[in-house]
Amino acid sequence: RLLRTKMYSYARRFESCCMGLESCANVCIRGAGPIYVVIASSLITAVGYMYYTVVLPQHHPLYSAQGMMHATLEFTLIFNLLFNYAYCVRTDPGLPPAVLRPESLIDQEIVENYTRWCKKCRKPKPIFTHHCQICGRCVTRMDHHCPWMANCVGHYNYRYFFNFLFWLWAFSFYTVIMSLPNNGPQREEVVFSFAIAAGTCIAITALFGWHIYLSLTAQTTIDYYKNKRDKQLALARGEHWENPFDLGPKRNWQEVFDERGRFWFVTWALPRRRPHSKEGLYWPTTYNIEEHSDANIRSRGRTKRKASNNDASGRPGSSSASAGNQVNQVNQARNNNNNSTSSSSDEMEVELMEVVTTSS
């Protein structure tokens, strides 16, 4: 018994030391964020400057037709690159509210089935929301914390992060092509540009391809590993698991980048200051995609009517008294159709359900 007590004491001390080292590492990463931003901006500016002063003149005169064409192309790449980088650094990734107030029955159903509870922030965590240890807060649709951005990559700035990777890859690839060694003598500036651009292009290719896969499959970097674990557990039980938020490559892409026009396959890469039209709290699933789309269309038309009703009556007039009963009927029907339901409840989940029920 004495040996067991000592082992337990040593384990507690070791755990405390690990938590202290983790806290120090988080503080260092957060504090070094601005330094990473300065380094990245300096490298991009240096490579662009050497392109105009050294790389381009060795191929074409700057004021010739071909020289102006290449100069315009390089300016487009640098502008989009720096635009998305600046907005990814400055844009808040998204903070979930203390109380979820879904406006439709579909959103209410998503809240009840997929919302969790954050023990550190003491607030509900909607789907895709995770707690960042470095920032010390929850982030909606969190992908990861990027030290080069000095920010978390989440719902509102993921578009800028993804486009930054795309334009950085295009900028690096184009610089590599223009800086390829020729038979003549090479200046040190050209060799430096080629080395920086080639290394960046190789590294970004893998990262950019990874995020293309995540966007097409309705996943984040964190949720990918969670889904992988759930799939392995389902296979061990002899069951088939599918991602309920995977709506197909086209619809997934449109939901992530908030582009649904005729030329959505082009406009996602264009610079845009307008934030995402959704809050990142409620995402459609495969079983309610049509109802969710119809609800979004109807909610746009109800926005002005809600405001006028509230001004006239002094209280919200869009909440139905039977919304909770309708949700219970929907869940009861689903439970009857699906024989396998998993419900593990603890004190935090009970508290969460009370918050959600009260808000509805």
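The values are calculated or read from the model by the stated rules, or taken from the named source; none is laboratory data. As the structure is a prediction and not an experimental result, all values here were calculated from the model. Quick reminder, even Gly has a Cβ in these numbers, built from the backbone with ideal geometry, and neighbours come from all protein chains shown. Ligands, DNA and RNA are stripped out before the accessible areas are found, and what is left, the full protein with its side chains, is counted by its heavy atoms. Shrake-Rupley method; radii C 1.70, N 1.55, O 1.52, S 1.80 Å.
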* Asked: What is the residue count in the stretch 121-132 for residues that are open to solvent by 10 Å² or more (accessible area, probe 1.4 Å) and in contact with a strand residue (DSSP E or B) (Cβ under 8 Å, 6 or more places away or on another chain)?
  -> 5
* Verdict on Val47 being under 19 Å from Leu81 (Cβ atoms) and either among the basic types (Lys, Arg) or touching a residue at least 40 places away in the same chain (Cβ under 8 Å) (or both) -> yes
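Based on what the data block shows, is Tyr156 open to solvent by less than 40 Å² (accessible area, probe 1.4 Å) and within 28 Å of Pro34 (Cα to Cα)? Can you show your working first?
On the way: open to solvent by less than 40 Å² (accessible area, probe 1.4 Å): no; within 28 Å of Pro34 (Cα to Cα): yes.
So Tyr156 fails the test.
Quick one: would you say Tyr158 is within 17 Å of Phe245 (Cβ to Cβ) and out of contact with any Gly (no Cβ under 6 Å at 6 or more places or on another chain)? Walk me through it before giving the result.
On the way: within 17 Å of Phe245 (Cβ to Cβ): yes; out of contact with any Gly (no Cβ under 6 Å at 6 or more places or on another chain): yes.
Judged against the criteria, Tyr158 is a match.
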* Can you spot a residue in the stretch 187-195 that is crowded, with 17+ Cβ neighbours inside 10 Å, closer than 30 Å to Asp246 by Cβ and either in contact with a Pro (Cβ under 6 Å, 6 or more places away or on another chain) or without any contact (Cβ under 8 Å) to a residue 40 or more places away in the chain (or both)? -> no
* Can you pull out the helices (runs of 4 or more DSSP H) entirely within the stretch 16-124 that have at least 3 residues that are closer than 18 Å to Tyr174 by Cβ? -> 33-50, 65-90
* Number of the exception - Arg116 against (1) within 25 Å of Thr286 (Cβ to Cβ); (2) in contact (Cβ under 8 Å) with a residue 24 or more places away in the chain; (3) surrounded by 15 or more Cβ atoms within 10 Å (Cβ to Cβ) -> (3)
* Asked: Just one of Gly154, Gly238 is small (Gly, Ala, Ser) and farther than 24 Å from Asn80 by Cα; which is it?
  -> Gly238
* Would a scan of the stretch 253-274 turn up a residue that is free of Cβ contacts under 8 Å to residues at least 60 places away in the same chain, under 24 Å from Leu43 (Cβ atoms) and open to solvent by less than 40 Å² (accessible area, probe 1.4 Å)? -> no
* May I ask you to list the residues in the stretch 92-107 that are open to solvent by 30 Å² or more (accessible area, probe 1.4 Å) and in contact with a strand residue (DSSP E or B) (Cβ under 9 Å, 6 or more places away or on another chain)? => Asp92, Leu95, Pro97, Ala98, Val99
